[in-house]
Amino acid sequence: MSAGAERVEELILGNPTFSQVTNEIASPMERRPGPAWWGAFLTAASVLTLGVVLIGYTMSTGIGVWGLNRTVGWGYDITNFVFWVGIGHAGTLISAILLLFRQRWRTSIARAAEGMTIFAVLCAAIFPLIHMGRPWLAFWVFPYPNTRGPISVNFRSPLLWDVFAISTYFTVSLLFWYVGLIPDLATMRDRSTGWRRRIYAFLALGWDGGTRTWQRYEKACVLLAGLATPLVVSVHTIVSFDFATSVIPGWHTTIFPPYFVAGAVFSGFAMVITLLLVTRKVLGLERYITASHFEKMARVLLTTGMIVGFAYATELCIALYSGNRYERFTFENRAFGPYAWAYWTMVACNVLVPQVFWWARARRSALVLFVAACLVNVGMWFERFNIIVTSLHRDYLPSSWSYYTPTLVEMGILLGSFGLFFTCFLLFVRFAPVVAFHEVKLTLSEQRETAHAVR
Amino acid sequence: MPSADSAVASPMGSRRRIHTLAFDDPSRALAAVRALRADGFEVDDVHTPYAVHGMDEALGLPETRLGLATLAGGLLGAGVAFGFQFWTHAVDWPLVIGGKSPLALPAQVPVSFELTILFAAFATVGTFLARRRLFPRIAVTPPSQPGPGVTDDRFVVLVVERDAGFRPARLRELARELGPVETVEGWRVM
């Protein structure tokens, strides 16, 4: 390699030793949690409790306690569902797609992003469940021998496809996450004592770090990444089919699958940035999750933000070009109707805000990143709200037009889902290594070799 | 010391004398494996904190066939999904929806796709765990692990005494050149 021809990029700062890596990543789990963690945990758990109580109220009283009406049959429930599924997508993108593309910068952030995926899909799963009205009969969505015929579920319904997509996505993500955790649980086992050691040993499955095991392990990870990549694309594609296959103006468009997938990655990366900015600060992981990681994520945010912006423009153009008066009305109504405030919030947050990342200084500023990522999360929630509520509230018959206003119960349940998400994430950072020991050590050794070769 | 009894039969397998060379650097461990094997020593395994690239080739391990399990799982998943949808919709309770044929193949693609992936993922992980004998354990230390350091910063090379032709003096000589941070002799059931 010619000297200086390739800039050696430091993904892990300060060239720590391997045991330093182990100690630094493991230490937040080994010391007692500080007031910051307890404060965050108690807040999240309280909000979760509020959500649980309100879901109990909804279940015992009926979904009449929500603001839905005959025209707008899907409101906060499905908006939250699509929002949370989307959040999950960044985790799989980072852990699977970037693994296949051999992007080394993924190693420091993959574990946290995968955890985020699982918790987000968990949050997402609540909403279709409770919007059924009789959630205790939710098992009816699965095909099983029954006394109703036995008539099976309708495999031609996109809603059923979604059941399979979400449950497969959750299962495979969990599997991928756990397989990635095994060697790290072994590291924790070998560091801990007492009952902690017993639990880690049980979960580490007798991992001994032998080369035969590592060889198969790496192969298994590549194969799982190869499976998770088409899976993650299929999941939001199928979520978009929930809308795209129905004959509702504003929903019935072929652009939906790619538009949904790009939007999902966009919102997911925004959530990863928000979470990791806080996590690395609180856990002192600045050496592993660096400004350069955030810079790269900001670039992804900028790119996917522009894809989403392009999709908004395409939708408007096609509505105009199609000559279909219903389609055209829906989009005029979206931009200038009663929900115009939601539409322009979405455009401002998703199209305009990410443009700040053209500037390198913005990509490297924690404050700008945090604010922009939060705004993108807001924008992406409103995107789903626009698609669902704005398309529904003024349908073919003006006599049935209405306006949907959520009740406090719905808002509380949305808050509660954030409570669940953060409760899970906070417990995760306490009990599992939030940065993968073994992947960081591999990256570190490669970084040393490259530095050596260039020198 | 090499002796005729270096392999002692035991109910669980044969106990063999092993020499462990612990390194603190992956490239030294890699060089050691190559040198030891070139000199005729049998290296049973190398325990490392992460997947050291090139170690499997240095040990002469064949390429894994794990991908076959993935393929088999995927094919099974696709077969089950298509078969079940066909059976429920076209055989067991034929339904004509929207004037379309009961066997609406395009509508069966999404569920079949998901189940293909689900089955393939389970087959991959299940085969990997089963073949490597990885399962939840009560024992807090796996018997096959040479010390707790291998999940932290130690790269441990295991040299096994296979027969009476083992040359301990030559091993000691090589070890001086290779520079392990620690060498230990012990017994191991293999």
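Details
- Sole residue being part of a loop (DSSP other than H, G, I, E, B) and either in contact with a Cys (Cβ under 7 Å, 6 or more places away or on another chain) or of a type in the set (A, V, I, L, M, F, W, C) (or both), chosen from A:L285, A:L275: A:L285
- Any chance A:E439 is under 23 Å from the mean Cα position of the chain (by Cα), within 14 Å of chain B (Cβ to nearest Cβ) and closer than 30 Å to A:T187 by Cα: yes
- Residues within region A:54-67 that are buried (at least 21 other Cβ atoms within 10 Å of the Cβ) and aliphatic (A, V, I, L, M), tallied: 1
- Residue check, A:S167 closer than 30 Å to A:F142 by Cα, surrounded by fewer than 22 Cβ atoms within 10 Å (Cβ to Cβ), touching an Asp or Glu at 6+ places or on another chain (Cβ under 9 Å) and more than 7 Å from chain B (Cβ to nearest Cβ): yes
- Inspection of region A:170-185 identifies at least one residue that is out of contact with any Asp or Glu (no Cβ under 6 Å at 6 or more places or on another chain), buried (at least 18 other Cβ atoms within 10 Å of the Cβ), more than 8 Å from chain B (Cβ to nearest Cβ) and more than 23 Å from A:V121 (Cα to Cα).
- Which listed residue is without any contact (Cβ under 8 Å) to a residue 12 or more places away in the chain and either within 9 Å of chain A (Cβ to nearest Cβ) or on the phi > 0 side of the Ramachandran plot (or both), from B:P26, B:P62, B:P49, B:P110: B:P110
- Every residue from region A:165-215 that is touching a helix residue (DSSP H, G or I) at 6+ places or on another chain (Cβ under 7 Å), free of Cβ contacts under 8 Å to residues at least 40 places away in the same chain and of a type outside the set (D, E, K, R): A:T171, A:A186, A:Y200, A:A201, A:L203, A:A204, A:L205, A:W207, A:G209, A:T211, A:Q215
- The combined condition, being farther than 22 Å from A:A313 by Cα and either crowded, with 21+ Cβ neighbours inside 10 Å or of a type outside the set (A, V, I, L, M) (or both), is not fulfilled by A:W341.
- Test result for B:V159, more than 9 Å from every other protein chain (Cβ to nearest Cβ), crowded, with 22+ Cβ neighbours inside 10 Å and among the hydrophobic types (A, V, I, L, M, F, W, C): yes
- Check on B:P136, free of Cβ contacts under 8 Å to residues at least 40 places away in the same chain, within 18 Å of B:T20 (Cα to Cα) and within 12 Å of another protein chain (Cβ to nearest Cβ): no
- The criterion of at least 1 residues that are within 14 Å of chain B (Cβ to nearest Cβ), over 23 Å from A:T274 (Cβ atoms) and over 27 Å from the mean Cα position of the chain (by Cα) is met, among helices (runs of 4 or more DSSP H) falling completely within region A:1-107, by A:18-30.
- Pairs are defined by a Cβ separation below 6 Å, a sequence spacing of at least 6 or placement on different chains, a first member in region A:43-72 that is closer than 20 Å to A:W401 by Cα, and a second member that is β-branched (V, I, T); the pairs so defined are A:W66/A:T407; A:G67/A:T405; A:G67/A:T407; A:V72/A:V389.
- Residue selected from region A:127-152 under the condition in contact with a Phe, Trp or Tyr (Cβ under 6 Å, 6 or more places away or on another chain) and of a type in the set (A, V, I, L, M, F, W, C), by the criterion surrounded by the most Cβ atoms within 10 Å (Cβ to Cβ): A:F127
- Filter result (under 21 Å from the mean Cα position of the chain (by Cα) and more than 26 Å from A:Q447 (Cα to Cα)) within region B:16-57: B:I18, B:T20, B:R37, B:E42, B:V43, B:D44
- Taking the conditions (1) part of a helix (DSSP H, G or I); (2) more than 19 Å from A:G268 (Cβ to Cβ) in turn, A:P406 satisfies each one other than (1).
- So B:V125, is it buried (at least 20 other Cβ atoms within 10 Å of the Cβ) and more than 20 Å from A:G180 (Cα to Cα): no
- Comparison of A:F155, A:F142 shows that the only residue that is at pLDDT below 90 and within 11 Å of chain B (Cβ to nearest Cβ) is A:F155.
Per-residue answers, yes or no, for (1) under 25 Å from A:G250 (Cα atoms); (2) outside any helix (DSSP H, G or I):
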{"position": "A:F382", "(1), (2)": "yes, no"}
{"position": "A:Y396", "(1), (2)": "yes, yes"}
{"position": "A:G419", "(1), (2)": "no, no"}
{"position": "A:H438", "(1), (2)": "no, no"}
{"position": "A:K441", "(1), (2)": "no, no"}
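- Per the listing A:N386, A:N333, A:N377, the residue uniquely under 16 Å from A:L301 (Cα atoms), touching a residue at least 24 places away in the same chain (Cβ under 8 Å), polar (S, T, N, Q) and surrounded by 15 or more Cβ atoms within 10 Å (Cβ to Cβ) is A:N377.
- Checking A:F357 against (1) in contact (Cβ under 8 Å) with a residue 60 or more places away in the chain; (2) more than 19 Å from A:W74 (Cα to Cα); (3) surrounded by 18 or more Cβ atoms within 10 Å (Cβ to Cβ), the condition it does not meet: (1)
- Once region A:186-203 is narrowed to residues that are hydrophobic (A, V, I, L, M, F, W, C), surrounded by fewer than 21 Cβ atoms within 10 Å (Cβ to Cβ) and within 9 Å of another protein chain (Cβ to nearest Cβ), the residue that is nearest to the chain's Cα centre (by Cα) is A:L203.
- Helices (runs of 4 or more DSSP H) contained in region B:1-107 and holding at least 2 residues surrounded by fewer than 18 Cβ atoms within 10 Å (Cβ to Cβ), out of contact with any strand residue (DSSP E or B) (no Cβ under 9 Å at 6 or more places or on another chain) and at pLDDT 85 or above: B:26-38, B:66-86
- Of all positions in region B:163-186, none carries a residue that is crowded, with 18+ Cβ neighbours inside 10 Å, assigned to a strand (DSSP E or B) and not hydroxyl-bearing (S, T, Y).
The values are calculated or read from the model by the stated rules, or taken from the named source; none is laboratory data. As the structure is a prediction and not an experimental result, all values here were calculated from the model. Cβ coordinates were reconstructed from backbone atoms using ideal geometry, including for glycine residues, and neighbour counts include every protein chain displayed.
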